[in-house]
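To start, the structure itself, in structure tokens.
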Amino acid sequence: MAFIEAASPHTMNTYGRLPIALSHGQGVRVWDINGKQYLDALAGIAVNTLGHNHPKLVPALHDQVSKIIHSCNYYHVPNQERLAATLAELSGMTNAFFCCTGLEANEGAIKLARKYGHDRGIARPEIVVYEKAFHGRSIATLSATGNEKVQEGFGPLVEGFIRVPLNDIDALKAATEGNKNVVAVFFETIQGEGGINPMRADYLQQVRKLCDDREWLLMIDEVQCGMGRTGKWFAHQWAGIVPDVMPLAKGLGSGVPVGAVVAGPKAANIFKPGNHGTTFGGNPLAMRAGVETIRIMQEDGLLENAANVGQHLKGALAREIGGLPGVKEIRGQGLMIGVELDRNCTVLTPRAAEAGLLISVTADNVIRLLPPLIMTQAEADEVVTMLVPLVKDFLAQ
């Protein structure tokens, strides 16, 4: 069979793509258009919760496609209410707004915070955000993001953000001291694009208390670290707290674009008709994907699996490469793992793909593993068997 080149000459050049085009998948494995097999340890960047071609999800989506794919939000969509009620139950919150992406969910959270401020008579609301954060690439979410490299060339950025370091409650208090315009604190429980950087449980509890004391909204971006990836539905639940606003996306629809802004009592009724909206968000196909994803996760015990397999994978990596010169830290929780090296290691993404393993490198020096939540311990061992020699060879160069 002749080799088929993977190329996209008419598509805008916005991604540093590998020369790979995927054709199909099964479980945690995918094949490209030339028949090469890969072990998927990235899951479309934490999206393919149930892996590929899941035997319970695919028939449900086929059924929905044969009925109705889209209806606009002039009408009720029964599975919107069903999914909203489920998310409320799982989170301890009360209401949800549905969109298509994490960017939109984060944009919605920013709008909620600003409206919350205006409703309280604050003319120029300000939101606390974090160093190394990543919330999206729209102008507002880019402004909330803590990465000058992705912001470059898009100024002037949106005002109204105060940036602080991670896990430092004194720095947060100092940065907001006497500022009557602050309306919210906004962060990822575990920063994904920033390098798999977790917020400590005690810090999360301190911020929750500070927000309560000062009547701020606590807004937690669970777009990448949520939906069971760490072994709980949402990563902040390890700290025993409940946010006021929680953007979700990525794993919520197992590959079908689904985003959500989940809100508790403090924020659930801020938006009124006409304040916010979307054409595609909450459509019947997307909502069926969300409902079925959660149902299958519950039936198949995928939270427990993510916790156990993630612990096994992290432990195996620590044993094999944890003590090597050049390996700074192996961190993360559940099936969200980062291996920080002491140098730029972006070359490992194409090298791993060549070896048949799909990973990514984020923050230039952190190997990021985000496999489907269906991954078994045996498959995690395969990841280790493939990745470890690549890391050792790279560090030896």
Just to be sure, is residue 34 under 30 Å from residue 270 (Cβ atoms) and not aliphatic (A, V, I, L, M)?
-> no
Identify, from the list 268, 318, the residue that is small (Gly, Ala, Ser), more than 29 Å from residue 57 (Cβ to Cβ) and under 23 Å from the mean Cα position of the chain (by Cα).
-> 268
Does the range 326-334 contain any residue that is part of a loop (DSSP other than H, G, I, E, B), at pLDDT 95 or above, crowded, with 17+ Cβ neighbours inside 10 Å and in contact with a Ser or Thr (Cβ under 7 Å, 6 or more places away or on another chain)?
-> yes
Could you pull out the residue among 104, 81 that is in contact (Cβ under 8 Å) with a residue 24 or more places away in the chain and assigned to a helix (DSSP H, G or I)?
-> 104
Could you please let me know if residue 305 is among the polar types (S, T, N, Q) and over 30 Å from residue 73 (Cα atoms)?
-> yes
For residue 196, work out the one condition from (1) open to solvent by 50 Å² or more (accessible area, probe 1.4 Å); (2) over 20 Å from residue 259 (Cα atoms) it doesn't fulfil.
-> (1)
Filter result for residue 278 (closer than 29 Å to residue 78 by Cβ, of a type in the set (Val, Ile, Thr) and open to solvent by less than 10 Å² (accessible area, probe 1.4 Å)) | no
Check on residue 77, open to solvent by less than 50 Å² (accessible area, probe 1.4 Å), farther than 22 Å from residue 288 by Cα and among the β-branched types (Val, Ile, Thr) = no
Candidate set: the range 24-47, residues that are charged (D, E, K, R) and open to solvent by 50 Å² or more (accessible area, probe 1.4 Å); chosen: the one farthest from residue 354 (Cα to Cα) | 29
Among (1) within 21 Å of the chain's Cα centre (by Cα); (2) at negative phi, the one test that residue 132 misses | (2)
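Can you tell me which of 21, 6, 43, 60 is of a type in the set (A, V, I, L, M), closer than 23 Å to residue 379 by Cα and touching a residue at least 24 places away in the same chain (Cβ under 8 Å)?
43
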Could you tell me whether the range 255-264 includes any residue that is touching a residue at least 24 places away in the same chain (Cβ under 8 Å), closer than 21 Å to residue 376 by Cα and open to solvent by 10 Å² or more (accessible area, probe 1.4 Å)?
-> yes
Kindly indicate which of 299, 292 is more than 25 Å from residue 394 (Cα to Cα), acidic (Asp, Glu) and open to solvent by less than 20 Å² (accessible area, probe 1.4 Å).
-> 292
Does residue 59 satisfy the condition of being open to solvent by 40 Å² or more (accessible area, probe 1.4 Å) and at pLDDT 95 or above?
-> yes
Identify, from the list 13, 53, the residue that is out of contact with any helix residue (DSSP H, G or I) (no Cβ under 8 Å at 6 or more places or on another chain) and in contact (Cβ under 8 Å) with a residue 24 or more places away in the chain.
-> 53
Name every residue in the range 349-374 that is of a type in the set (Gly, Ala, Ser) and buried (at least 24 other Cβ atoms within 10 Å of the Cβ), in order of residue number.
-> 352
In the list 113, 88, which residue meets the criterion of being assigned to a helix (DSSP H, G or I) and either in contact with a Pro (Cβ under 8 Å, 6 or more places away or on another chain) or at pLDDT below 95 (or both)?
-> 113
Determine whether the range 335-348 contains at least one residue that is without any contact (Cβ under 8 Å) to a residue 12 or more places away in the chain and either surrounded by 15 or more Cβ atoms within 10 Å (Cβ to Cβ) or over 16 Å from residue 48 (Cα atoms) (or both).
-> no
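The values are calculated or read from the model by the stated rules, or taken from the named source; none is laboratory data. Fair warning: this is a prediction, and the values are worked out from it, not measured in the lab. Because the Cβ atoms are built from the backbone with ideal geometry, glycine has one as well, and the counts that use them run over all protein chains shown. Calculation scope for accessible area: heavy atoms of the full protein, side chains included, ligands and nucleic acids excluded. Shrake-Rupley method; radii C 1.70, N 1.55, O 1.52, S 1.80 Å.
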